[in-house]
Number of protein chains: 2
Amino acid sequence: MGERRVTIVGMGLMGASMAEGLTRKGYRVSGIDVDRRALDYCRDKGIIEEGYERPEEILGETDLLIMAIYPKGMIKFIEKYRGEFKKGLVLTDICGIKLSFVDEVQKLMPQGCQFVGAHPMAGREKTGAEHGEPEIFLGANFIVTPTERNTEEGIAAVEEIARDLSFGRISRLSPARHDNMVAFTSQLTHAIAVALVNSDRDEDTYSFTGDSYRELTRIAMINEELWSELFLENRENLIGKIEDFQEKLEVIKGALLSGEGEILKREFRSSTARRKQLREKRNEVDL
Amino acid sequence: MGERRVTIVGMGLMGASMAEGLTRKGYRVSGIDVDRRALDYCRDKGIIEEGYERPEEILGETDLLIMAIYPKGMIKFIEKYRGEFKKGLVLTDICGIKLSFVDEVQKLMPQGCQFVGAHPMAGREKTGAEHGEPEIFLGANFIVTPTERNTEEGIAAVEEIARDLSFGRISRLSPARHDNMVAFTSQLTHAIAVALVNSDRDEDTYSFTGDSYRELTRIAMINEELWSELFLENRENLIGKIEDFQEKLEVIKGALLSGEGEILKREFRSSTARRKQLREKRNEVDL
């Protein structure tokens, strides 16, 4: 904080939410976007100090640059504007995958600048700055994915942002372990929700859903461009996780086919014990 | 309402929640259970007027009997106590499956009495009367599964209970269509949650979960006795639903294996459109 100036590239839901949260905490925050209206909206609402369509106008004064855009767009942006980066710049991102581009991005960074990967595990089904709100970060998990190219100071700068945005647990993971983890907790869950909704053959399902179906399928509303990119960039991990899941589902189906109640009970006991453990470790209070 | 007296068999979470909701609405509600402490708890809290371990003490004065116990226990109860049923009794239940026992139960009913199947699509992960609360029914779906053995008056008596408990949509389905529907909306979702949790190979998952994983897996905490019974009694339908789901998940896996982003996008567009439709039809306001 203090005199460090933050610029966020991409005034979408995530960018605007982070901008608003950091502005509230006293940071001086600027925004970069190709969409003038999004910039004006954020400036008029006091979410950012100023908005720029031309990155070169603000990059020279930026100490911390947050890329809140799609993975592919990030590389292009850095290639184009790295000559404008201020010495000592810490660059971070919000991508749901890491391994496929961390090396490339780190190699692109000018001398004296560094890239510290980050994954704020929060979001909403809606898009756009007008749906942003920093409350989505409250208590959520935040993962930093440093490598040996990063300094402790650079990593700490990103973790400070996460604390100031009121994230809960802030963890450090290697890019490889991160990608393996999110293949399970995030991408597999989305794949399941999509497959579940798409397997519905009934026109009237909506009349007969309980909470469980609605909870499971909320994330089937998914941004097709972003998520197809995330899925493909992390395909090896994700295929493995899908196969682990298929195996366990097949156990249940097999028990149904053979009528073996004891196998079902064993699977139910196992899932109950595991999920309760997760609840306790997270101190979920509302369950 | 009025002079009609309601007795609920089973003072568990569901039985106690229904008892409390109906008592608040002015019904005279009694409870039957083998557990004296549960009965005393409910009576002391004003959830029921009186509790009975011996059903014969209250069945003669009961106009509407709600079986809030496991499917298998219900048949035994009816066989044992049908001689005590008051003429004109309407019997209903809360089972998540219907077809396998509706015929049997209807045949067991004495002359002048009738069984009207019902499925209140609400619940909590917790069990026991002390966790009961009628708020769980607010706006939830309620399905009645009448057959040609029922009178319009008998069906209406059960639907009135559902309205008085503040259920939202109250629908009539045949037992067969009901079972096919819940195989998809309820049992498949539980099978998926169980398989997902059981496929977790990482000790530290809890540190890195987002909302989506927690939402998808909440229902993996599951009563093994009840749910193995529900799964097995509805196994044909459930196997079919699992296979439909497996097929759609395989499409996603296939697209990952071949690297075909267009297939992923197509699946994501489809699930997004379908799930949005469900949201609109239900007027979900919080999304």
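Mind counting the residues in the range B:71-102 that are touching a residue at least 40 places away in the same chain (Cβ under 8 Å) and of a type in the set (D, E, K, R)?
Looking only at that region, the number is 2.
Does A:Asp202 meet the test of being within 7 Å of another protein chain (Cβ to nearest Cβ), touching a Ser or Thr at 6+ places or on another chain (Cβ under 6 Å), within 29 Å of B:Lys265 (Cα to Cα) and surrounded by fewer than 21 Cβ atoms within 10 Å (Cβ to Cβ)?
When the stated conditions are applied, A:Asp202 does not pass them.
Within the range B:82-101, can you find the residues that are part of a helix (DSSP H, G or I) and surrounded by 15 or more Cβ atoms within 10 Å (Cβ to Cβ)?
B:Arg82, B:Glu84, B:Leu99, B:Ser100, B:Phe101 - these are the residues of the range B:82-101 that are part of a helix (DSSP H, G or I) and surrounded by 15 or more Cβ atoms within 10 Å (Cβ to Cβ).
What's the number of the condition A:Glu280 fails, among (1) farther than 21 Å from B:Glu215 by Cα; (2) under 28 Å from the mean Cα position of the chain (by Cα); (3) more than 7 Å from chain B (Cβ to nearest Cβ)?
(1)
Select, from B:Gly2, B:Gly60, the only residue that is surrounded by fewer than 20 Cβ atoms within 10 Å (Cβ to Cβ), modelled with pLDDT under 95 and small (Gly, Ala, Ser).
B:Gly2
Out of A:Arg124, A:Arg54, report the one residue that is modelled with pLDDT of 95 or more and either surrounded by fewer than 21 Cβ atoms within 10 Å (Cβ to Cβ) or farther than 30 Å from B:Glu215 by Cα (or both).
Working: A:Arg124 fails: modelled with pLDDT of 95 or more.
Just one listed residue meets the conditions, A:Arg54.
Scan the helices (runs of 4 or more DSSP H) fully inside the range A:207-268 and keep the ones with 3 or more residues being at pLDDT 95 or above and either touching an Asp or Glu at 6+ places or on another chain (Cβ under 9 Å) or more than 7 Å from chain B (Cβ to nearest Cβ) (or both).
Ranges flagged: A:235-258.
Quick one: in the range B:146-180, which of the residues that are among the polar types (S, T, N, Q) and without any contact (Cβ under 8 Å) to a residue 40 or more places away in the chain is farthest from B:Arg235 (Cα to Cα)?
B:Thr151
The values are calculated or read from the model by the stated rules, or taken from the named source; none is laboratory data. Because the structure is a prediction, the values reported are computed rather than measured. Neighbour counts are summed over all protein chains in view; Cβ atoms, including those assigned to glycine, are modelled from backbone coordinates with ideal geometry.
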